[in-house]
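J.: Could you have a look at this structure, given as structure tokens, before my questions?
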Amino acid sequence: MRTRSLLVVASLLTSTIAVAASNGTVKAGPAGCTAAPTGLVLSCDHLLPTVRLRGAIGLVGDSVLLGSSPGISNPSVPTLLGQQQWGPIRMTTALGMRTRNDGSPPGSAWSVVGRWKAAGFTPKVVAINIGANHLGDCTPATVTACKKKVDELLNRIFSLWPDTQVWWAKIVQIAYPSGTYTPAMLGWNAALDAAVKARPGSVYAWNWPAALKASDIVTDIGGIHPVSGTQYVKRNRLIADNLTLSIRSRFLGQRATPATSSPAGGLSFAPDRSTRIIYSGPLAAGVDTVLDVSSAVPSGTGAVALGLTSSRPSGAGYVTLFPCGTTAPKVSSLNFAAGQARSAQAVVRLNPDRRLCARASVATNIRIAMQGSFVPPAADTDTFRFLTPTRLRDTAATNKVVDHTITLTEPTLAGADIDGAAVTVTIDRPSAGGGVTVYECGAPPPAVVKVPAGVNLSFLPGETAAGAVYVPVSASNTICIRVKIAAGSTFRLIVDRTGVFTKDGAGAFFVPVQAKRMLDTRNGAYRVGGWFGRHQALQAIDVNAAPPGTIGVSGTVTMVSPVTTGYITASGCGPRPLTSTVNGRPGSAAANTATSQISAQGLLCLYSSTNTDTVFDVAGWWQAA
């Protein structure tokens, strides 16, 4: 960050953009603003009444936000927010604004929000830029006192509008000549952090100090005010972008209509115990590669479960699998970054000719392994039992090759012939890259077990990644997991179980569908499923996943450009299980198959631990016998 020449910090607390009168005449402020005779703008109050998709937003702030008002910097923050579909917009700013100042109501945010309420303004979001004028009584030693001031305003806002969200900008104050942050600034921002922690999902603090440091915005010596309208516009854009990014998604309708189901009806599952590789080779960008799987699956197979692994892709992209002879659906089966090895499960409908087509958005190599076939019900095939999602293993490990044996104990299914399981394997923060293979255990040791050639999860150093798999279960109710990683590396292994396949015919049958996108929170032409805005941390959103009366769904959940490392959990909209479905890291696209129960209305709930865009593509649903 670059700063200007010396100024007395105390004088910065009331400075703003102004035009001085050189000839003694009185200067008027911009429309909607009041000004001193010298032209110094004292306060502004603007209402942009246009109603837009994101809904109403109110902005209240001190002199730092005053410079972002219409008529002072152009484009202003309200103009930029309008372009991002906010509206109506109310903006009230004043020199010396405090959270509460009974002696001067125009400079009191407490009074401002009360006037908004009296005027019938109902914001979905209240954006606040206040704090610099409280620095005289705030230090790290007085965080509690500062938080009382923050809480006083927050309590006032939530009493007026209980369902609103609050976005609050942190402040900057740089000491001279050290160039370090002042104790007062650190104290105030610590108070904001404490307020956010006390109200998760309702209050968000924008890290303006970090954003300023990463920018080329020129400020005064105290780092408080941009020095010109041009510099203010740079900040205006950061405000509008961060605010829009930070506010939780809202359901505005219309939900996606159900996908078209296969006429074959419900199918049972036949696990492929050989985990054979059905294709290993290149995919050209935009070209359909035909995969004839007729020799790998029984006659009458209506869908297959596959494991996909990319290698050396030429850029960031995705692969879509679909029945040949049909239009490629706008869904993804596997997502990856440039040069990245990435694995995912895909459940794909088959036509009677049992040919699949693979289409990549960019050139990549791919390996495709069989996990099982969905076939007409027979005595030796399986149905699926949804169980409460359970964490079977959570352990730290260090080694070159690590083998784990996990016993499936299901007290509610005593005596059932368990033939397979739906599990998600997660590797957390490995110190090196590698792969995980989940497979059926062989006879008890010391018998030699042949580990399948394919992997179910590929991971990079430092990331958290998850992979789903339908795995055969041994006669002793065990599954085996092999982690391949550099010698001496460290990692955390997590294994979650969703349900099991049994041979008693008492479980659910699978109905494959023409793959369809049911949810996409991204803006513009991408948006599907009725939700508008980013999927926020600690927010659960519901998806019209399947028709009412079905009991579960399978499909791909994708995290697109999460802000921080985090995860999404798919569940049936009841109590949220303590498991994860897909894990992503900042700026990436990460996908994984969810096989989950749904609500009686056919809704799938997706809970996110971080701010992300979220996509769900349905592959089929499960119906009771």
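J.: Enter the Cα centre distance for the pair the range 194-273 and the range 382-440, rounded to the nearest angstrom.
T.: Spelled out, the Cα-based centre of one part sits 33 Å from the other.
J.: Then there is this: Across the range 352-368, in residue order, what do the Karplus-derived ³J(HN,Hα) couplings come to in whole Hz, using 6.51 cos²θ - 1.76 cosθ + 1.60 with θ = phi - 60° and x for Gly and Pro?
T.: x, 7, 6, 10, 10, 10, 10, 10, 10, 6, 9, 5, 7, 9, 8, 10, 10
J.: When a/c reaches 1.5 or more, the comparison of a/b and b/c decides; with that in mind, is the range 338-481 rounded, prolate or oblate per its Cα gyration tensor?
T.: In terms of gyration-tensor shape, oblate.
J.: Moving on. Compute the relative contact order of the chain as a whole-number percentage, counting only Cα pairs closer than 8 Å that sit 6 or more residues apart in sequence.
T.: Once normalised by length, the contact order is 12 percent.
J.: For the pairs 148/213; 117/148; 124/234; 197/484, note any where the Cα-Cα span goes beyond 32 Å.
T.: 197/484
J.: Give me the aspartates and glutamates in straight-line cross-link reach of residue 516: C-alpha distance below 20 Å, same-chain residues under 8 apart excluded.
T.: Within the straight-line cut-off, residue 516 pairs with 288, 542, 613, 617.
J.: Which of the peptides 608-618, 388-398 is most tightly packed, and how do the rest follow, judged by the mean count of other Cβ atoms within 10 Å per residue?
T.: Listed from highest to lowest mean packing, they are 608-618, 388-398.
J.: Would you mind classifying the range 187-245 by shape? Square roots of the alpha carbon gyration tensor eigenvalues, ordered a ≥ b ≥ c; an a/c under 1.5 is rounded, otherwise it is prolate if a/b is larger than b/c and oblate if not.
T.: Oblate, since a/c reaches 1.5 and b/c is not below a/b.
J.: Any cysteines in the chain with zero other Cys Cβ atoms under 4.7 Å from their Cβ? List them, or say none.
T.: There are none, since every cysteine in the chain has another cysteine Cβ under 4.7 Å of its own.
J.: Roughly what angle does helix 143-160 make with the longest principal axis of the chain, taking Cα atoms, 0 to 90 degrees, to the nearest 10?
T.: The two axes meet at around 80 degrees.
J.: Using only Cα atoms, tell me the angle between helix 109-118 and the longest principal axis of the chain; keep it within 0 to 90° and round to the nearest 10.
T.: The answer is roughly 80 degrees.
J.: Which ³J(HN,Hα) values in Hz, rounded to whole numbers, follow from the phi angles of the range 219-236 under the Karplus curve 6.51 cos²θ - 1.76 cosθ + 1.60, where θ = phi - 60° and Gly and Pro get x?
T.: Karplus-based 3J(HN,Hα) across the range 219-236 equals 10, 5, 5, x, x, 8, 10, x, 8, 7, x, 4, 5, 5, 4, 4, 5, 4 Hz.
J.: On to the next question. Cβ under 9 Å from residue 134's Cβ, residue 134 left aside: what net charge do those residues give with Lys, Arg +1 and Asp, Glu -1?
T.: That sum, taken over residues with Cβ under 9 Å, equals +1.
J.: Follow-up. Based on the alpha-carbon gyration tensor of the range 33-118 and its eigenvalue square roots a ≥ b ≥ c, which shape applies: rounded if a/c is under 1.5, prolate if not and a/b is larger than b/c, or oblate?
T.: Judged from the Cα gyration tensor, the range 33-118 comes out oblate (a/c at least 1.5, b/c at or above a/b).
J.: Okay, moving on. Tell me, what is the FRET efficiency for residue 476 and residue 578 to the nearest 0.05, using R0 = 30 angstrom and their Cβ-Cβ distance as r?
T.: Taking R0 as 30 Å, the efficiency between residue 476 and residue 578 is 0.65.
J.: Report the gain in length on full extension from residue 292 to residue 181: 0.36 nm times residue separation, minus Cα-Cα distance, nm rounded to one decimal.
T.: So the chain would gain 33.5 nm between residue 292 and residue 181.
J.: How far, in degrees from 0 to 90, does helix 183-198 lean away from the longest principal axis of the Cα atoms of the chain, to the nearest 10?
T.: 40
J.: Starting from 0.36 nm per residue, how many nanometres of slack lie between residue 85 and residue 365 once their C-alpha separation is accounted for?
T.: Extra length available between residue 85 and residue 365 comes to 96.7 nm.
J.: Once phi is turned into ³J(HN,Hα) by the Karplus curve 6.51 cos²θ - 1.76 cosθ + 1.60 with θ = phi - 60°, what whole-Hz value does each residue of the range 298-304 show in order, with x for glycine and proline?
T.: For the range 298-304, the Karplus-derived couplings read x, 4, x, 4, x, 6, 9 Hz, x marking Gly and Pro.
J.: Quick one: work out the % antiparallel among DSSP beta bridges in the chain, nearest 5.
T.: Numbers: 147 of 170 bridges.
For the chain, the DSSP antiparallel bridge percentage is about 85.
J.: Could I ask something else about it? Residue 165: net charge of surrounding residues, Cβ under 11 Å, Lys/Arg +1, Asp/Glu -1, itself excluded?
T.: +3
J.: Would you please put 155-168, 403-416, 502-515 in order of how densely packed they are, using the mean number of other Cβ atoms within 10 angstrom per residue and starting with the highest?
T.: 502-515, 155-168, 403-416
J.: So, one more: Can you list residues from other chains, or at least 5 along the same chain, whose modelled amide H is less than 5 Å from the amide H of residue 252?
T.: Those qualifying (amide H under 5 Å, at least 5 residues apart or on another chain) are 531, 532.
J.: Give me the net charge for the shell around residue 310: Cβ to Cβ below 12 angstrom, other residues only, Lys and Arg +1, Asp and Glu -1.
T.: Neighbour charge sum, excluding residue 310 itself: +3.
J.: What's the ranking of 189-199, 470-480 by average number of surrounding C-beta atoms within 10 Å, highest first? Don't skip to the answer; put the middle values down first.
T.: Working: 189-199: 18.1, 470-480: 20.0.
Put in order of decreasing packing, that is 470-480, 189-199.
Read-outs throughout are calculated quantities, based only on the coordinates presented, and are distinct from any laboratory measurement. Everything numeric in this text was worked out from a predicted model, so none of it was measured. Neighbour counts are summed over all protein chains in view; Cβ atoms, including those assigned to glycine, are modelled from backbone coordinates with ideal geometry.
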